[in-house]
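One structure is given below, encoded as structure tokens.
Nothing in this text is a laboratory measurement; each read-out follows from the coordinates by a stated rule. Predicted model only: the values in this text are computed from it and were never measured. With ideal geometry, Cβ positions are generated from the backbone for all residues, glycine too; neighbour counts draw on all protein chains shown.
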DNA sequence: AATGAATGAGGATTCATTCAT
DNA sequence: CATGAATGAATCCTCATTCAT
């Protein structure tokens, strides 16, 4: 499995071919840190530990790096999928809470929002990236969430909201919180406070911000 | 409506003094359409109806165009201000609804989200733009909203939510809806449907998505 | 003589037309200070107190400024001339000493070497300037000096040196002294010390540096 | 002799490592012929037999070419040095004559005065070049000559002249002769006649132009 | 005569991409 | 496979010159 034939060659080489992946790793870091335009192919090469020319052995162009990045991030989704969510039994609010907590926690890791952020930034130059991401990720994930909501309504757990639009209400606050923090460095006094945001958001999401018996 | 074929000689025109503004208008359109890096100064010039060199009569560099753009967008805010919101009397949910409807409707106009979008895209290259926008706009607008919420709580209209974080819950869904539409071209079947989104969102925002007496 | 008609016009104007001269003054200062290439026509205009366009009323091009500068400096020479030198009676060493002292003292004023320096610098770009200077100045002045030397020889004051080449021996040390000072900032400890240089130079020039009865 | 049609493919050639030197050679020729400002980097590249971009592999900027040129010319001096002059035994006039003849002969080669000429021309734009040349060359060479003179005085060969200023008297005439020739194309009828100049100059330098027992 | 806004050719520099080795 | 020297298109910016006012 690991190419037991002793690794000999001009210089030690990784197994099979981790090279393209290493190049993508390097590219992702630099694209995120400096933007696509401001990143030189040579920078990517250096960070990946090979030469400028070698990058072109794996990727036909600088743009292909971007595409490869998105493709790599996108591929597992379609197969993996959060199918469990769709088959979840019982109160969907529990699934929503759990998933949202999980998602939000993960998104705090810059590596994970990296691809969506990259796409948002480069979409004008390379619209096909956004299309790919939509087809491979959003079009798989969003419907699952929508079905969960729909079932929650059907089963009497939720009010009759519009599932498609309600997904925006569920995820939007988290997205905005991250944008304000990352782009504008606008965070609460005690830091990102994603936990507090989640609790505040979930409570509003499920029960609204109105005072139940309040002056209404 | 655009390019009214202003009465000017083939080559020269006395400055209308609107020139810098015209250049910024051109720059904004192109920066939004193609990104900062992919826009050539000459493109801006041509669209503004003058020559490459003339742009440099008004702006010292290409980057100065970007800064000028943000500065122009930002300046009126500090003075203008949505103070009325802060002084609003009575049920704050009415103010929130009205404002949100107003804001969401306006944001559909690409010209209005242009600057924030531009900043989101170029923030890595020019972080000072984001800082400027934060200081001049967000730091003025967000506190007003927070005070409105705080007062709503104090006056018994709202549950004791965290005002700062709740602003994310109020605005986030709209932001995400626009991002999905603009970046990923993900819109409901009947189009952007901002009205429907707003109603769905406001109803969840105020009353939650749980069925009041529902199986809970 | 001074255009007694009251000076009226949009703005006070100098008599007759000092304008071209003022422009040349400005140009000379800037060309010397920054070089021809690094001086912008607008700089010249501003220093001369008029607008860029106005410069072109007097001079057809930037290059014409340079030419005008040299022409102005050169014109008086041909007429003025140091004819007295040629007609000088008696020991020519007295004339040489006196003239050299006078010249050296004057050359310390940057304004006076300005033109030769300018020509030396720009000669590759504008060889005609050097030609003009040679024809109008050097070809008038050098022969006078040569005749003085020739007569000194004929009259038994001087050894039979080559008059043409000896002019280099007379003027060269002063030229080099100025170059070392201006270009390389190499001056004696007590400053330019032109007086000391002159005395040292003249004593060598007339009597040599050998010790007369010295070990020879 | 120039451009030996080096055996290289139409487009590529492995670095001979002489590349930077070849580029400097090209730059020197062009800078001397046309001046720094009037020389395009592409001209230098073409003359060196490579492309515009390749120049930037070796020199960070056009200005770096100039600096590299001076640095290259200057480096050997400090080590090399004319120390023999300082240690010369016996009549210093012999050393002076020999050295001056050698120097003057060499300086007729345009390649050798190239650097000082370049510096004289560009000193206004790049004063650090002159400083570098002064520190690395003049400050090493001039003191040697001064010491030689001082010793000549101490040993009774020379009159008590000022060594520092006398160096001007020794070298100045040659410098002026070259300037008149190169800048103003003023040469004796029989050409540059450096030999004749030297003999005339040395005879005056050592013995003065006065007729010894002459009418004085 | 004077102004200064406008022009546009010119040139330095960068960097994706190629290819001889 | 890998290298990195070399290429040259692309683009920012400068500034001499023009000309409507």
Check: For segment A:13-59, what is the Kirkwood estimate of the hydrodynamic radius, computed as the reciprocal of the mean inverse distance between distinct Cα atoms, to one decimal in Å?
Finding: 10.6 Å
Check: Quick one: in chain D, whose Cβ comes closest to the D/B rotation axis, and how close in angstrom?
Finding: D:61, 9
Item checked: Label-point separation, residue C:102 to residue A:139 (7 Å along Cα→Cβ), nm -> 9.7 nm
Next item on the list: Shortest first and in nm with one decimal, please list how far the residue A:139 label point sits from its counterparts in the other copies (point 7 Å along Cα→Cβ).
Entry: 4.5, 7.3, 8.7
Check: Label points 7 Å out from Cα along the Cβ direction at residue D:61 and residue D:18: separation in nm?
Finding: 3.1 nm
Note to self: Using only Cα atoms and rounding to the nearest 10 degrees, what angle (0 to 90) does helix D:62-80 make with the longest principal axis of chain D?
What the structure shows: 40 degrees
Checklist line | Gyration tensor (alpha-carbon) shape descriptor, segment C:108-216, a/c threshold 1.5 | finding: oblate
Notebook entry, point to check: What average count of beta carbons from other chains do you get within 10 Å of the Cβ of residues in D:198-204?
Noted result: 6
Checklist line | Nearest-ten-degree value, helix C:92-107 long axis tilted from longest Cα axis of chain C | finding: 40 degrees
Check: Taking the label point 7 Å from Cα in the Cβ direction, how far apart in nm is residue B:125 from each other copy of itself, listed shortest first?
Finding: 0.8, 3.0, 3.4
Check: Hey, rough spin-label estimate for residue B:192 and residue C:187, points 7 angstrom out along Cα→Cβ, what's it come to in nanometres?
Finding: 7.3 nm
Check: Within segment B:168-198, what residues put their amide N at less than 20 Å from the label point 7 Å along the Cα-to-Cβ vector of residue B:38?
Finding: B:179-186
Notebook entry, point to check: Per residue of B:34-40, what is the mean number of Cβ atoms on other protein chains within 10 angstrom of that residue's Cβ?
Noted result: 3
Margin query: I need the shape label for the protein assembly as shown. Rule: rounded when a/c is under 1.5, else prolate if a/b > b/c, else oblate, with a, b, c from the alpha carbon gyration tensor.
Written below: prolate
Checklist line | Inter-copy label distances at residue A:40 (7 Å, Cα→Cβ; nm, one decimal) | finding: 2.3, 2.4, 3.0
Item checked: 0 to 90° range, to nearest 10: angle between helix B:19-34 axis and chain B longest Cα axis -> 60 degrees
Next item on the list: Mind checking B:180-188 for the average number of partner chain beta-carbons within 10 Å of each residue's beta-carbon?
Entry: 6
Next item on the list: Starting with the highest mean, order B:181-194, C:150-163 by the number of other Cβ atoms within 10 Å, averaged over the residues of each peptide.
Entry: C:150-163, B:181-194
Margin query: Using only DSSP helix segments of four residues or longer, with each worth -39500 (n - 2.57), what per-residue ellipticity at 222 nm results for chain A after dividing by its residue count and rounding to 500?
Written below: -21000 deg cm²/dmol
Notebook entry, point to check: For D:113, D:94, what's the fewest-to-most ordering of other Cβ within 10 Å of each Cβ?
Noted result: D:94, D:113
Next item on the list: Take every Cα-Cα pair in segment D:21-174 and report what % of them are more than 18 Å apart.
Entry: 64 percent
